[in-house]
1. Could you list, bin by bin from short to long, the percent of Cα-Cα pairs of the range 46-109 in 10 Å steps?
2. Once you have the Cα-Cα distance between I78 and A13, take 0.36 nm times their residue separation minus that, and quote the gain in nm to one decimal.
3. For the chain, what does the convex hull of the Cα positions come to per residue, in cubic angstrom?
4. Taking a cut-off of 26 Å between Cα atoms, list the lysines near K60, but don't count ones fewer than 8 places away on the same chain.
5. Between the range 66-88 and the range 1-52, what's the alpha-carbon centroid distance in Å?
Amino acid sequence: MDLQILMPWIAAALSISSLLSNIYTVFTSPSRKNAADVAKLYSDLAKHDRRIQSLEGELKHLPDRDSTHRMELAMEKINGRLDTLNETLKPIKATNERLNELLVEQAKK
């Protein structure tokens, strides 16, 4: 059998297989890159999920809107009582200052 007759067919088959291999590589290259990008995105998503869960756990300990409002009302009530107490103590303060002045004057004699 003469190989010279088969050489053009073998060369054509090798050329076609090389061309198909190059086409396959060109078309599958982006999918490999995309697969790596998707894997990175899934790992980032898992990290964000853990961070969100930790933040939600911390937020459970904070007061909600209603309890904050109740605390504000209680603080206003305490502030009003302190103002009333301050007004009540003014005459006592004035009396103490007068007694102090009297004692200082008696001590000078």
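1. Percent of pairs per bin, in order: 17, 18, 16, 15, 12, 11, 7, 3, 0.
2. Extending this stretch completely gives an extra 13.9 nm.
3. 238
4. K47
5. 73
Bear in mind these aren't lab numbers, they're just calculated from the coordinates by the rules spelled out. Predicted model only: the values in this text are computed from it and were never measured.
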